[in-house]
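Visitor: Below is a structure I'd like to ask you about.
The values are calculated or read from the model by the stated rules, or taken from the named source; none is laboratory data. The structure displayed is predicted, hence computed values, not measured ones. Cβ placement follows ideal geometry from the backbone for every residue including glycine, while neighbour counts extend to all protein chains displayed.
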C-alpha cells in the first residue's frame, strides 16, 4: 500500500493518458520509418520502452540493430 506522499508524487509525475497515447503513436511511426532502412531492425529502448518515463520528459531512444556480419562499407551505405 502506498503512503499519501507516494500517491501525491506519483499523481504529479506519471504521464497522462494523452501523453502515453502521443508517445505510442510517435514510437510506432518511428518504427515504421526505420523499418524501411536497409537491413536494420529498429528497437525502442529506454524509459519509454519500460514505461518508466516522467510526465513532460518525452524522449525516445531508438536503436537500429544491424546483422553482426554486415560489412562496415555496406553499413556506411545503409
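Visitor: Say whether the condition of being at positive phi and at pLDDT below 95 is met by at least one residue in segment 21-37.
Guide: Our first condition is that a residue be at positive phi; within segment 21-37, this holds for none.
No.
Visitor: I would also like to ask the following. Give segment 53-78 a look and list any residue that's more than 18 Å from residue 18 (Cβ to Cβ) and in a loop (DSSP other than H, G, I, E, B), or say none.
Guide: Taking segment 53-78 and keeping what is more than 18 Å from residue 18 (Cβ to Cβ), we get 61-78.
Within segment 53-78, 67, 68, 69, 70, 71, 78 qualify.
Visitor: For segment 28-50, how many residues meet the condition of being in contact (Cβ under 8 Å) with a residue 12 or more places away in the chain, loosely packed, with under 14 Cβ neighbours inside 10 Å and under 30 Å from residue 11 (Cβ atoms)?
Guide: Looking only at that region, the number is 2.
Visitor: For the subset of segment 1-27 comprising residues that are touching a helix residue (DSSP H, G or I) at 6+ places or on another chain (Cβ under 8 Å) and part of a helix (DSSP H, G or I), which member is surrounded by the fewest Cβ atoms within 10 Å (Cβ to Cβ)? First the steps, then the outcome.
Guide: If we filter segment 1-27 for residues that are touching a helix residue (DSSP H, G or I) at 6+ places or on another chain (Cβ under 8 Å), which is where we start, we get 2, 15, 23, 27.
Among the residues that remain, those that are also part of a helix (DSSP H, G or I) are: 23, 27.
Numbers: 23: 18, 27: 16.
So, considering only residues that are touching a helix residue (DSSP H, G or I) at 6+ places or on another chain (Cβ under 8 Å) and part of a helix (DSSP H, G or I), the one surrounded by the fewest Cβ atoms within 10 Å (Cβ to Cβ) is 27.
Visitor: Another one. Please work out which residue is surrounded by the most Cβ atoms within 10 Å (Cβ to Cβ), limiting yourself to segment 51-78 and to residues that are closer than 20 Å to residue 10 by Cβ and modelled with pLDDT of 90 or more.
Guide: Looking at residues that are closer than 20 Å to residue 10 by Cβ and modelled with pLDDT of 90 or more, I get 53.
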